[in-house]
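Step one of this worksheet: look at the structure below.
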Amino acid sequence: LFNMLQNDLYGARFLDLFAGSGAIGIEALSRGAKEAVFVDKGDGQISCIRENLKTTHLEEKARVMSGDVTEAVRRLDRDGKSFDFIFMDAAKGQYLHFLPEVLRLLKSGGLLVSDNILQEGDLIESRFAVERRNRTIYKRMREYLYELKHNDELVTSLLPLGDGVAVSTKR
């Protein structure tokens, strides 16, 4: 993905939601992004992001936000922030809850990358194809993918790599 985006990253503003270790945002910074904002809720993840930024000497270009992603996105929106790239790697089934807020932060022509959108490379069409405890998750993922593909603001491609990636460009 980064090899394809290499020329567009220079000088870009990058938002890494559910950042985990911060590897994706750090990669964007190392390839020329002007700024990266990292958002995660867990203390362990926040410590890991800060340590990785320190190790890579990229902390001056980074902002680390600890807390609920929805609240962080709303705070960024209130602050008038916008981003060229937004990467989301949420647990399955959560994306739909904050898509409208995320889209407000994405610049026109910006790229939204939603990771982990499929189950073993497939979109689960039937609720009977998964265990009962997972039905709500897969229903939400189908709704999210439907919204991405039918949202007038977005042009979206689904890539069946690993557990899937949706790449959406804002018109």
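The values are calculated or read from the model by the stated rules, or taken from the named source; none is laboratory data. Computed from a prediction, not measured in an experiment: that's the story for all the values here. No Cβ is skipped: glycine too gets one built from the backbone with ideal geometry, and neighbour counts run over all protein chains shown. Ligands, DNA and RNA are excluded from the accessible area calculation, which covers all protein heavy atoms including side chains. Shrake-Rupley method; radii C 1.70, N 1.55, O 1.52, S 1.80 Å.
Which numbered condition in (1) within 16 Å of the chain's Cα centre (by Cα); (2) modelled with pLDDT of 95 or more is the only one that Leu1 fails?
Result: Leu1 passes all but (2).
How about the range 46-62: which of its residues are among the basic types (Lys, Arg) and either surrounded by 14 or more Cβ atoms within 10 Å (Cβ to Cβ) or under 15 Å from the mean Cα position of the chain (by Cα) (or both)? Please lay out each step first, then the result.
Of the range 46-62, the ones among the basic types (Lys, Arg) are 50, 54, 61.
Of everything in the range 46-62, those that are among the basic types (Lys, Arg) and either surrounded by 14 or more Cβ atoms within 10 Å (Cβ to Cβ) or under 15 Å from the mean Cα position of the chain (by Cα) (or both) turn out to be Arg50, Lys61.
Can you tell which of Ala23, Ala36 is under 13 Å from the mean Cα position of the chain (by Cα) and surrounded by fewer than 17 Cβ atoms within 10 Å (Cβ to Cβ)?
Ala23 is the lone residue from the list that is under 13 Å from the mean Cα position of the chain (by Cα) and surrounded by fewer than 17 Cβ atoms within 10 Å (Cβ to Cβ).
Scan Gly32, Gly25, Gly42 and give me the residue that is on the phi < 0 side of the Ramachandran plot and touching a Phe, Trp or Tyr at 6+ places or on another chain (Cβ under 8 Å).
Gly25
If Glu125 satisfies every condition in (1) outside any loop (DSSP other than H, G, I, E, B); (2) at pLDDT below 90; (3) open to solvent by 60 Å² or more (accessible area, probe 1.4 Å) but one, which is the exception?
With (1) outside any loop (DSSP other than H, G, I, E, B); (2) at pLDDT below 90; (3) open to solvent by 60 Å² or more (accessible area, probe 1.4 Å) applied to Glu125, the lone miss is (1).
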